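The block underneath contains the structure these notes are about, expressed in structure tokens.
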Amino acid sequence: MRAAALVAVVLALAGCASNGMAPVDDRAPAHAATARPATPQIAPSTNGLHTVQRGDTLYAIAFANGLDYREVAIWNRLESADRILVGQVLRLTPPDDGVEIKPLDDEPAPSARPLVEAPLVREPQAQVLPYSEANWARVSSVPSTTIAATPAAKPAAAAPAAPAPAPAATAATEPAAKSAPAANGLVDAWLWPADGTVIGRFGAAGGKGIDIAGARNTPVRAVAPGKVVYSGSGLRGYGRLLIIKHAGEFLSAYAHNEAILVKEGDTVTAGQKIALMGDSDASRVELHFEIRRYGKPLDPLTYLPERS
């Protein structure tokens, strides 16, 4: 009986092979990093709330809604931006007593205001007495901390010589001069994320970034050093998406990839290959690239170097 069953199994496998069928292998390509599981895609909220689904991150939720992830964390009293729970309902608008985070460089410069109240302590005004030997002897005998009156300068006394200025430090002992800060003051230099032709610009038809057309599997590279805070396909309209956090609360986003080569939590360097260009959730092979700061989209062409 067992022999008959074994023969039946062997015959069934042989039949599958003869029909061209093979076991399904759904493993990711060797060059691709493990991506997030398929989840309901995040769309901009219509009611100011978001229910956390499996695979969501606070960065992705804030990114989809054009918000600063730090503000969302504060509004929801989250202990960490890296910890949200499935089923948790997050508010995407500030509470009545909410604290709004503003960039330091957007703060208005302090303006001079007249003093409304007089200072509590007034310095005693010095009284200048006419010079005489008696006045000079009387004032000179009082400790300097208690002098409330000062005689005019003694005509015959010569002023003490001023100390010679310290010699300037030689070039050999001076520390190396620091390089001037970049235009944005936070990232020394930005790199282009991929080779190709810019076919879509910031603001055109509501675009929040630029679109670069290229060949499939063209390398996509990090534009600056940073940390991968999102890797997946959970944002509607972006396909396979990477989001990298940089110094100064800058985020860079790379969408429509064919494959993703890094995973969340990875630290990347400027110019590192992080993905391959593709057409996931796009009508053609292209890279959609965005730069955001404090949740607000910025024109990438104002940060990327000019091409020759």
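Can you confirm whether ALA259 is buried (at least 23 other Cβ atoms within 10 Å of the Cβ), assigned to a strand (DSSP E or B) and on the phi < 0 side of the Ramachandran plot?
On the way: buried (at least 23 other Cβ atoms within 10 Å of the Cβ): no; assigned to a strand (DSSP E or B): yes; on the phi < 0 side of the Ramachandran plot: yes.
In short, no.
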Checklist entry - Do you know which of the residues in the stretch 213-244 that are at pLDDT 95 or above and among the charged types (D, E, K, R) is farthest from VAL285 (Cα to Cα)? => result LYS227
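For residues that are assigned to a helix (DSSP H, G or I) and in contact (Cβ under 8 Å) with a residue 12 or more places away in the chain, scanning just the stretch 276-308, find the one that is surrounded by the fewest Cβ atoms within 10 Å (Cβ to Cβ). So that I can check it myself, show each step before the final result.
To start, the set of residues in the stretch 276-308 that are assigned to a helix (DSSP H, G or I) comprises 300-302.
Now drop any that are not in contact (Cβ under 8 Å) with a residue 12 or more places away in the chain, which leaves 300-301.
Details: PRO300: 24, LEU301: 14.
Per the stated criteria, the residue is LEU301.
Have a look at VAL9, VAL86 and point out the one that is modelled with pLDDT of 50 or more and of a type in the set (Val, Ile, Thr).
Details: VAL9 fails: modelled with pLDDT of 50 or more.
When all the criteria are applied, what remains is VAL86.
Kindly evaluate ARG216 against the criterion of being surrounded by fewer than 16 Cβ atoms within 10 Å (Cβ to Cβ), in contact (Cβ under 8 Å) with a residue 60 or more places away in the chain, under 23 Å from ASP68 (Cα atoms) and not hydrophobic (A, V, I, L, M, F, W, C). Let's see the steps before the verdict.
Details: surrounded by fewer than 16 Cβ atoms within 10 Å (Cβ to Cβ): yes; in contact (Cβ under 8 Å) with a residue 60 or more places away in the chain: yes; under 23 Å from ASP68 (Cα atoms): no; not hydrophobic (A, V, I, L, M, F, W, C): yes.
In short, no.
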Checklist outcome for this item: Residue count, the stretch 219-235, condition surrounded by fewer than 21 Cβ atoms within 10 Å (Cβ to Cβ) and within 20 Å of GLY196 (Cα to Cα), comes to 2
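Count, please, the residues in the stretch 236-245 that happen to be part of a strand (DSSP E or B) and surrounded by 21 or more Cβ atoms within 10 Å (Cβ to Cβ). Give the steps one after another, and end with the answer.
Looking only at the stretch 236-245, we keep the residues that are part of a strand (DSSP E or B), and these are 241-245.
Of the ones still in play, those that are also surrounded by 21 or more Cβ atoms within 10 Å (Cβ to Cβ) are 241-244.
Selection size over the stretch 236-245: 4.
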Checklist entry - Any chance the stretch 263-272 includes a residue that's at pLDDT below 95, within 19 Å of the chain's Cα centre (by Cα) and under 15 Å from PHE63 (Cα atoms)? => result no
Checklist entry - Limited to the stretch 58-88, what total is found for residues that are among the hydrophobic types (A, V, I, L, M, F, W, C) and not in a loop (DSSP other than H, G, I, E, B)? => result 10
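The values are calculated or read from the model by the stated rules, or taken from the named source; none is laboratory data. If you're wondering where the values come from, they're calculated on a predicted model, not measured in any experiment. FYI the Cβ positions are ideal-geometry reconstructions off the backbone, even for glycines, and counts take in every protein chain you see.
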